[in-house]
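Report on one structure; see the data block that follows.
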Amino acid sequence: MIPASFDYRRAASADEAIALLTENGDDAKLLAGGHSLLPLMKLRLARPSVLIDISRLADLSYIRADGDQIAIGALTRHHDVEVSELLAREVPLLPAAAGQVGDPQIRHRGTIGGSLAHGDPASDLPAVVLALGGSMVVRGPGGERSIPATEFFAGFMETALAADEVLTEIRVPRLEGAGWSFQKFNRRAHDWAIVGVAAVRRGAGSGANGGGAGVALVNMASTPVRATAVEEALAGGASATEAAAHAADGLDPPSDINATPEFRRHLAQVLVRRALEEAGA
Amino acid sequence: MTAVVGTRMLRKEDPELLTGEARYVDDLVIPGALHLAIVRSTYAHATIKSVDVSAALAQPGVVAAFSGADLRPEWAGPMPCAWPVTEDMLNPEHFPIAVHTACYVGDAVAVVVAETDVAARDAAELVEVDFDVLPAVVDLEDALSDRVLVHEALGTNRSYTWELIPDADAVEEAFANASHTVVERYVQQRLIPSAMETRGVVAVPAVYGGEITLYTSTQIPHILRVLAALTVGVSESKLRVVAPSVGGGFGSKLDVYAEELLCLALARRLRRPVRWSEDRMENTQATIQGRGMIQHMELAADADGRVTAVRARLLADMGAYLQLVTPGIPLLGAFLYGGVYDIPAYSFVCTGVFTTKTPTDAYRGAGRPEATYALERAMDALARQVGVDPAEIRRRNFIHPDQFPYSSSGGLIFDSGNYEPALARAMEMAGYDQVRSDQAARRSAGATKHLGIGLSSYVEMCGLAPSRVLSALRYVAGGWESSTVRFLPTGKVQVVTGTTPHGQGHETSWSMIVADQLGVSPDDVEVLHSDTSIAPHGMDTYGSRSLSVGGTALWLATEKVIDKAKLIAAHQLEVAAEDLDYAGGTFTVKGSPDRTMAIGAVAFEAFTAHNLPDGLEPNLEASSHWDPPNFTFPFGTHICVVEVDEETGKVDVLKYVAVDDCGTQINPLIIEGQVHGGIVQGAAQALFEEAIYDEDGNLVTSSLADYLVPSAADFPSMQTDTTVTPSPTNPMGVKGVGEAGTIAAAPAVMNAIIDALSPFGITDIDMPATPQRIWTAIKQSTDASGASGASGAGASGASGANGASGAGANGGPR
Ligand SMILES: Cc1cc2nc3c(=O)[nH]c(=O)nc-3n(C[C@H](O)[C@H](O)[C@H](O)COP(=O)(O)OP(=O)(O)OC[C@H]3O[C@@H](n4cnc5c(N)ncnc54)[C@H](O)[C@@H]3O)c2cc1C
C-alpha cells in the first residue's frame, strides 16, 4: 500500500498547473483531494511519474451565483457543497447528494472537480450534474472552453478533458423550486452506490432554465449516464411508474460482488420510480 | 476503601490509547532495523519452478533476497499445529516460506530485506517467480470429492473426521420415533477477522548475550515463544517475546505466523534487527480467516416440539494448511449443538477439508457461533413445523434451573444457568408482542416493507480450559493460567499476569479485583503482562478465558498474599493468627476493634524484615497457577427486529436487544463494551461480511472497500441488560463475556430476516443476507409459486452476484 515513486510539484495557479501538464505530458496527473487518485496509486494501479498538486488553489474553491446559474469552483470540497446555504436554496439536489459521498473524512478532502474529472460511473456527483443539465468550464494552453455535462463523460473513467487541461468550474442551473430527488442504494452507509438516481422535475416551460425532467443514473453503465428513455416517457405524459419501467432501457450495467446486471436493472426501476415520486410533478 | 468490583470504573488503558501514546509494533523505533517485504503467490495453486532474486538484489538499499529453498535450512521443524484432533489426522508439512508448491494466493514464495520499507517493497516487485499453475479447489464439497488434490502426497483432501456420538442407537431411535424432523443445510461463509491493527513484527538480536527479542502483534507471546523456539531452532531461554499495544485480534493473532519466524530467522542470519508490517491487502490473505463450514443440521422432536435428538454433520474448511489450532476450531463448538435445550440424544461429526485458500483458524467465538447459528436456525424451523411461536419452542425445550449442574448429552457439565428469565426480559425489552402485532398489521395491509423478529438463545463454553479435558481432546498444552501478586515497599501493588490483553481491559479489571481484596486504590495496582521476561508463565488470551482462568489465578495469588500478611500482622499485634479478622485491607483483633494493622503497613514490615516471625521469608509476594476444574457456561437471549424492503432486498435493523448472563460482574462498563462489539461483529456475518473467492482461488474481497466491515452508521443503538447467575467453577463466580455477542447475534439477525420473509415461503437465505440474495429469493419464490406463496422453497442457492468475479465490467478498486 505504498505508491511507486513519483515527483511532486505544487502549482501556485491554474495556469502553472497547465504549464506543468504541458511540460510533463501523459506521465503527469493533477492531484486535488486525492481520494480517488491516491488509492489507485497505493494499489499501484496508477503510476504517474509526476503529481501536480492543485489542492491549495484557494481561488478555485468557491460557490457563487452567476445569473441563472450557480458556479462552483472545481476545488470546492464535498463538505463545502454539502453545507452551502446558496446551494441549499437554489440547487438543493447538489448538497443533498454531496452529503452522501463516502464519510465525513472523505467529504472534507474530496473535491467536486476531482469527482467529475475522474469520470467514475459509480460516483454520485456526475449523475447529479447530468440530471441538472450542468456544464464544465475547462482551461488549457489554448484558453477556456465550456463542455456540457452530456458531452463530458466519454468512457469508463474517461472524460472530454485533454491531457493538458484543468477543470476550473462546474456550472449548474438554479432549480427555481423544481422538484428533485437523490436516491442512493448501498449496503453500508459510507459505500459507493450500487445504483443511484438523480432526478429533477420542472413544471413544463417554467422559468429561465426550461422545463421537463432530468434523470441520471449512478453505476448503471461504463459512464455516468442519463436515463433518456425515462425522460422521454415523462415528456410523453407517462406516470412515474410507467416512466420508471424504462430506467434501464438500452443500458448494460456492470456486474460485481454486490449486484448482477439483472438486479441493477431492477434497482434502477425501483429507485427511478421512488425518485420521480419524491420529485413530484 | 469502598469496593470497586461491580462499578462502571473507566478503563485505565484508555487515556493512552485515545491520546495516541500507546505504542504498537510499527511505532517502535528500532535504529538499524532492516525491512522485510514478502513476495506472495499470485496463484492459488502452483509449483514453484524457479525463483530469480537477482534483479531485486541489484536495487539500491537491498541487503538480501531469498527463495523458500534458500531459507529451508533455517527451519528446525515445520510450522506448528498444536491440535492433532485425531490420531490419523493428516497435517501436510509446510514452512514459513513455500519451498516447492504454493497452495493459496498469498502464500510466501520469496523475501526481500532492505534498508527501508519502500526499497524492500519496490525490489519485491522485481523478484521473478516461474510458476507452473495447478488447478485450484475452492468449494468445500468439491474439495471433498478429491477431484483436485491440494497436497498431492496426501492422496486426499480430507484431513480428519472427528466424532462425538455418545449413544448412536439412542439417536437412531429418536429419529425413528420423531413426530417432527428438521433437516437443514447451512453455510458458514468465510470471514476476515479485520483487526484494526494489522500484524507487525520486529526481531531484535541483543548486542550482548545472544538473546533475540521478538516484538509482535500477538495474543499469545507465551505459546509463540515455545513454538517459535522449536521451529527456528533457538533455545527458548534465548527468546523473549513481547506484545506491545495490540490493536485487536479476535483470534487472528492467536497463531504462529510465517512472518514471525521469518523475522527471527533473518535477524539471526543477518545479525541485524528485521521488521515487517502487514498492509491491509496482505492482512486479508496472509492472516488466518474464520468460519468456513457447511453444516448439516437435523433435529428430531415429539408432537409438542420437544427435541429428542440432534444430529450435526460438518464439513470444515481448513484452507491450504493447518495453522496453530485450525483443526480444533469446529470442536470448540462440537459440544454445543444442543445449546440451552434439554436434548437426550446427541450426534456430532466433523470432517476437516483442505482447499487452496488462506488457512482458517480461531475467529471470535471459534466454533461456538457456528453451533449456535445452526441450532437456533433449526429451532425456528421446528417452531414453523410445529406451528408455535419461536419463543414458545424455546421455552418448551430449555434446561430447567433445577437441573444444574446439568450433564449434557454432548458430555459436558454445564455449571449453572437459568435460561427463561433472560428470554422473558429480552422479550419485554423488545416489545415482542407489539412487534408481532405490527408485523401482522403490515402484512394484512399489503406493505412492501416487512417486519421480522428473530430470537437467539445461546449458551457457550468459556474458560479454556481444564487441562485434562484438553488432553482428552488431544490438544498438546494445558489450559491453566498463572499470576503473581507482590507488594512494593511503598504499599503499591504489582500484578503479573499470564493473560495477554489486546483491547479487553485486563489492566482495569485485574486492578479492581486486587484493589478490593487488598483494600487499596485500583490506581495503586500496576498490571504487568505480555512480556515473557516479566511474566514467564502464561497461556495467553482467547476463548473468553482470561477472567475466569487468569482472574482466578490472580484472586488465589492475592489470597496467598493475605494469608502470609496475616502471619506477620499476628506477630506484630502479638496475637494468634486465628484471632485476626481481615476485611478491606485491615487486620483487626477479634473483639478489639481498636487493635488493627493495615496490610500496607504489614507489607512494609515484610520488606524491612526487621521483625518477622521466626522462619518466615521476607516480602509479600505470592504466585498461583490455576487449572480450572470445568469450563464456565455463560448464556442469554438476544432479539433482533428487522425491516426488509421487498422491492430492493435491503435489510434495516430496527432494534437489537441483548440479555446476557456472564456470572458475577467485575466491571459492567467493560461487559457492555464487549457485548456491543461482539453483537456488531456477529451481525456483520449475517448482513455484510464474506470472504469471496473466484473459481481460480483469488480473493475478490481483498480490501475494505469490498470486504464490508460495518461502521457505527450501519447498526442501531443496542439495548442491553444482564441477569447474574454466578459460576460455581471459580471463587469469584465469573464466566466470561468476550465472545457472547458474536455467538448470539448472527442467528438473531438471520431468524429475523427469515421471519420477515415468511409470507414468501422463504425458509433460508445464505449469509450474508445481501440485497441481491434477498431479492433473488423473493423473485424465485414469487415466480415459482404464483399465488400460493407457501411453497417453502429454500433460496440458499441464491448466491451473490454472478461469478463473484469482483472487478467486473467497471474495473477494480476506485
Ligand atoms: C473510501 C472512499 C469512499 C468514497 N465514496 C464515495 C461515494 O460514496 N460517492 C462518490 O461520489 N465518491 C466517493 N469517493 C470518491 C471521492 O468523492 C473523491 O473525492 C472524488 O471522487 C475525487 O475527488 P478528489 O478531489 O479526491 O480527486 P483526486 O483523487 O485528487 O483526483 C481524481 C482524478 O481527477 C483528476 N483531477 C482532479 N481535479 C482535477 C481538475 N480540477 N481538473 C482536471 N483533473 C482533475 C486527477 O488528476 C485524478 O485523475 C470515495 C472515496 C473514498 C476513498
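The values are calculated or read from the model by the stated rules, or taken from the named source; none is laboratory data. These numbers come from a predicted model, not from an experiment. No Cβ is skipped: glycine too gets one built from the backbone with ideal geometry, and neighbour counts run over all protein chains shown. The protein model used for the area step is the full one, side chains on, heavy atoms only, and it has no ligands, DNA or RNA in it. Shrake-Rupley method; radii C 1.70, N 1.55, O 1.52, S 1.80 Å.
Assorted remarks:
- When A:Asp68, A:Asp124 are checked against the criterion of being out of contact with any Leu (no Cβ under 9 Å at 6 or more places or on another chain), more than 9 Å from the ligand (Cβ to nearest atom) and outside the structural domain of A:Leu217 (by TED's automatic domain parsing), A:Asp68 stands alone in meeting it.
- Complete set of residues in region B:201-230 that are assigned to a strand (DSSP E or B) and under 30 Å from B:Gly333 (Cα atoms): B:Thr216
- Checking each residue in region B:83-100 for being among the aliphatic types (A, V, I, L, M) and closer than 29 Å to B:Asp70 by Cα picks out B:Leu90, B:Ile97, B:Ala98, B:Val99.
- Only listed residue being outside any strand (DSSP E or B), touching a strand residue (DSSP E or B) at 6+ places or on another chain (Cβ under 7 Å) and modelled with pLDDT of 95 or more, chosen from B:Val51, B:Val85, B:Val39: B:Val85
- Checked against the criterion of being farther than 22 Å from B:Gly636 by Cα and either open to solvent by 10 Å² or more (accessible area, probe 1.4 Å) or assigned to a loop (DSSP other than H, G, I, E, B) (or both), the candidates B:Leu332, B:Leu315, B:Leu336 yield just one match: B:Leu315.
- Criterion (facing another protein chain (nearest Cβ under 10 Å) and small (Gly, Ala, Ser)) met by exactly one of A:Ala229, A:Ala189: A:Ala189
- Filter result for the condition that a residue is touching a residue at least 12 places away in the same chain (Cβ under 8 Å), surrounded by 24 or more Cβ atoms within 10 Å (Cβ to Cβ) and either more than 28 Å from B:Ala683 (Cα to Cα) or within 21 Å of the chain's Cα centre (by Cα) (or both), over B:Ala426, B:Ala465, B:Ala477, B:Ala422: B:Ala465
- Among the residues listed as B:Arg190, B:Arg158, the single one being under 29 Å from B:Ala472 (Cα atoms), touching a Lys or Arg at 6+ places or on another chain (Cβ under 7 Å), buried (at least 17 other Cβ atoms within 10 Å of the Cβ) and not assigned by TED's automatic domain parsing to the domain that holds B:Ala37: B:Arg190
- Check on A:Leu86, in a loop (DSSP other than H, G, I, E, B) and among the hydrophobic types (A, V, I, L, M, F, W, C): no
- Checked against (1) away from every other protein chain (no Cβ under 14 Å); (2) more than 9 Å from the ligand (Cβ to nearest atom); (3) within 25 Å of A:Lys184 (Cα to Cα), A:Ala74 passes all but condition (2).
- Some residue of region A:245-265 being outside any helix (DSSP H, G or I), of a type outside the set (Val, Ile, Thr) and without any contact (Cβ under 8 Å) to a residue 12 or more places away in the chain: yes
- Contact map, region A:93-105: first residue modelled with pLDDT of 95 or more and away from the ligand (no atom under 11 Å from the Cβ), second residue aliphatic (A, V, I, L, M) and not in a helix (DSSP H, G or I), Cβ cut-off under 6 Å, separation 6 or more or different chains; the map is empty.
- Contact map, region A:116-145: residues that are in contact (Cβ under 8 Å) with a residue 24 or more places away in the chain and within 29 Å of A:Ile194 (Cα to Cα) paired with residues that are open to solvent by less than 10 Å² (accessible area, probe 1.4 Å) and among the aromatic types (Phe, Trp, Tyr), Cβ distance under 6 Å, separation 6+ or inter-chain. Pairs shown: A:Met136/A:Phe152.
- Among the conditions (1) over 23 Å from B:Gly543 (Cα atoms); (2) under 25 Å from the mean Cα position of the chain (by Cα); (3) not in a helix (DSSP H, G or I), the only one that B:Ala378 does not satisfy is (3).
- Number of the condition not met by A:Gly119 [criteria: (1) under 9 Å from the mean Cα position of the chain (by Cα); (2) buried (at least 24 other Cβ atoms within 10 Å of the Cβ); (3) within 12 Å of the ligand (Cβ to nearest atom)]: (2)
- Test: residue in region A:187-200 that is open to solvent by 20 Å² or more (accessible area, probe 1.4 Å), closer than 13 Å to A:Ala275 by Cα and at pLDDT below 95: no
- Qualifying residues in region A:208-226 (those that are away from every other protein chain (no Cβ under 14 Å) and in contact with a Leu (Cβ under 9 Å, 6 or more places away or on another chain)) - the one modelled with the lowest pLDDT: A:Asn209
- A:Pro141 being more than 14 Å from chain B (Cβ to nearest Cβ), closer than 19 Å to A:Leu57 by Cα and more than 10 Å from the ligand (Cβ to nearest atom): yes
- Residues located in region A:20-35, provided they are more than 8 Å from the ligand (Cβ to nearest atom) and either within 14 Å of chain B (Cβ to nearest Cβ) or touching a Ser or Thr at 6+ places or on another chain (Cβ under 9 Å) (or both): A:Asn24, A:Asp27, A:Ala28
- Residue that is nearest to the other protein chains (Cβ to nearest Cβ) [pool: residues in region B:632-661 that are touching a Cys at 6+ places or on another chain (Cβ under 9 Å) and open to solvent by 10 Å² or more (accessible area, probe 1.4 Å)]: B:Val653
- Residue satisfying condition, being in contact with a helix residue (DSSP H, G or I) (Cβ under 8 Å, 6 or more places away or on another chain) and within 30 Å of B:Gln685 (Cα to Cα), within set B:Val182, B:Val138, B:Val111: B:Val182
- Taken over region A:144-166, the residue count meeting the criterion of being more than 13 Å from the ligand (Cβ to nearest atom), under 13 Å from the mean Cα position of the chain (by Cα) and open to solvent by less than 20 Å² (accessible area, probe 1.4 Å) is 1.
- Qualifying residue in region A:234-246 (condition: closer than 23 Å to A:Gly155 by Cα and either open to solvent by 50 Å² or more (accessible area, probe 1.4 Å) or not basic (Lys, Arg) (or both)): yes
- Sole residue being open to solvent by 10 Å² or more (accessible area, probe 1.4 Å), touching a helix residue (DSSP H, G or I) at 6+ places or on another chain (Cβ under 7 Å) and over 30 Å from B:Leu224 (Cβ atoms), chosen from B:Pro390, B:Pro401: B:Pro390
- Among the residues of region A:36-65, those identified as more than 12 Å from the ligand (Cβ to nearest atom) and either within 18 Å of A:Ile170 (Cβ to Cβ) or crowded, with 17+ Cβ neighbours inside 10 Å (or both) are A:Ala58, A:Asp59, A:Tyr62, A:Ile63, A:Arg64, A:Ala65.
- Answer from B:Val549, B:Val575, B:Val527, B:Val589 - the residue that is within 19 Å of B:Phe487 (Cβ to Cβ) and of a type in the set (Val, Ile, Thr): B:Val527
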